[in-house]
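One structure below.
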Amino acid sequence: MAFSDVCKVYRQGEKFLVLNPTVPSWLVTNINGVLLLKLYSEEKSFESIAEEFRVHVPEFSSEAVLKFLERAKSERLFSKPTQLEDYKPFPLRDVYLNMTARCNLRCIYCVNNLRVEERRELSFEDYRRVLDEIAAMKPAVEIIITGGEPLTSPLTIPVAEYANELGLKCTLLTNATLINADNFETLTKLFCRFQISVDGSNAAIHDFYRGKGNYAKTERAIELLQNHGAEVKLMMVVTKRNMSDVANVTKKWGKMIDFQPLFPTGNANYDALKLSGQEYFDAMTNASEDIRLYEFLQTIGKHYATKKTLLKCSVGEGQISISHSGDVYPCALLHNPKFKAGNITENTLAEIYNSPTMNRIKFHTADHIDKCRDCEFKLICGGSCQARNFLETGDLDRAGDFCEYNKLAIIHELINTVELSELQ
């Protein structure tokens, strides 16, 4: 193997990311490190590479050059391509329970508005039965209670209470406008985490999306929950309208806030509000150095240390979504008849989870996606969000244009989070 046959080099200022996409493995270094690595070939010994390099750059000692090459070897930069075994799906981790399609708000980009669902809502007995099934699964599965706005459903509290009796952890996804002094103590006992939607750092921006007066209600709810010691996570959908407010939101909410791009679904005027991958990347990087651009890289050290690769997102395996009428889908963003795997009033959850529809998606890796098969980031990105691909293109086998962001974010995060290996 010669360096130029496999490795890719990406530059950011004076730092260089050297990537072997076939392992995957990487090193962040300076220009001297890149020049040395370009001399690598498996036919040469490290000693001969060091001697050749020092002919052109004599100021470096042989010891320094050999130490750098050994470091690159330990980072598996010279390793042969990973031999991928047959894909083995991850176990189920998260079950989204959509309590209702009803909501007290009419947000301008709500994904719920275009879901094709029956009007019938599950009974408490339906929820008891499916929670009993979930509780029997190993390892433990977390329940994410959502909607619509779940607090408009009279069953949300009883369902959460029963889930707690079974030892299941529950997260509440909410707009928070119905959380108040009368119910927040009950809610904090039942939910280990709250994920709350915010769209800006002030009422003028937030209420443009969610309606007049709702920012004040949301802010009061956040304060109530925080003062009571609850774990609160905020989620902001970034669009053309609020992208300039990302820095203010980050300054106000700090590490409580996460961001996501607008998805092409629901009732949004997508063409007017959407950001390209480059625009979204620029909005994030210009706002704050503290924003993590690529969620996978928060746990990439664990994958890297165990020599694991990422071949797909959690769709259909790590997570599933149960609609308010009992239909089961592989993802909260794929409530589409094409992906309906069954209904919990007709089949057991285990039967649905192992159904042909769900299995087809469980094993739908990046190798099935057109632009991903030969992409140098395939084993890091894993094809990214398959729901977004489908929503952009209408086909799980086609990558959307937003993958532009994934590439930019991976390069940026690796260069800025991996320890610099300088040749000096």
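At-a-glance table
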| quantity | calculated |
| --- | --- |
| Taking the chain and dividing mean pair separation by its residue count, relative contact order in percent (alpha carbons under 8 Å, at least six apart) | 19 percent |
| Identified option (computed percent of Cα pairs over 35 Å apart; candidates [x] 44; [y] 31; [z] 37) | [z] |
| For region 143-148, 3J(HN,Hα) per residue [Karplus equation, 6.51 cos²θ - 1.76 cosθ + 1.60, θ = phi - 60°, Hz, x = Gly/Pro] | 9, 10, 8, 9, x, x |
| Accessible-area ranking of Val249, Val57, largest first, probe 1.4 Å | Val57, Val249 |
| MRE, 222 nm, helices only [DSSP H, n ≥ 4, -39500 (n - 2.57), over the chain, to nearest 500] | -10000 deg cm²/dmol |
| Dipole moment magnitude, nearest 20 debye, the chain about Cα centre, only Lys, Arg, Asp, Glu C-beta charged | 380 debye |
| Order of exposure, largest accessible area first, which applies to Met256, Met99 with probe 1.4 Å | Met256, Met99 |
| Net lengthening on full extension, Glu125/Leu66 (0.36 nm per residue, minus Cα-Cα) | 14.5 nm |
| Accessible area expressed per residue, region 142-233, with surrounding protein chains retained (probe 1.4 Å, Å²) | 42 Å² |
| Under-5 Å amide H pairs with Leu234, H placed in peptide plane, nonlocal only | Ile196, Ile257, Asp258 |
| Cα-based reach from Lys67 at 22 Å (exclusive), listing lysines while leaving out same-chain residues under 8 positions away | Lys8, Lys15, Lys38, Lys44, Lys80 |
| Solvent-accessible area per residue for region 10-88 (1.4 angstrom probe, square angstrom) | 55 Å² |
| In order through region 309-323: 3J(HN,Hα) via Karplus (6.51 cos²θ - 1.76 cosθ + 1.60), integer Hz, x for Gly, Pro | 10, 9, 10, 6, 7, 7, 3, x, 10, x, 9, 9, 10, 10, 6 |
| In Hz, Karplus ³J(HN,Hα) per residue of region 183-195 (6.51, -1.76, 1.60; θ = phi - 60°; x = Gly, Pro) | 10, 5, 5, 4, 5, 5, 6, 9, 10, 7, 8, 10, 10 |
| Exposure ranking of Arg388, Arg129 by accessible area [1.4 Å probe, largest first] | Arg129, Arg388 |
| Selection from Thr417, Ala283, Gly383 lying farthest towards where the dipole of the chain points positive, charges on Cβ | Ala283 |
| Potential extension, Thr393-Phe363 segment - 0.36 nm per residue separation minus Cα distance | 8.8 nm |
| Apportionment of accessible area to carbon and sulfur, region 108-230, percent (1.4 Å) | 51 percent |
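The values are calculated or read from the model by the stated rules, or taken from the named source; none is laboratory data. Owing to the predicted nature of the structure, the values given are computational and were not obtained by experimental measurement. Cβ atoms come from the backbone with ideal geometry, glycine included; neighbour counts cover every protein chain shown. These accessible areas exclude ligands, DNA and RNA; they are computed on the full protein's heavy atoms, side chains included. Shrake-Rupley method; radii C 1.70, N 1.55, O 1.52, S 1.80 Å.
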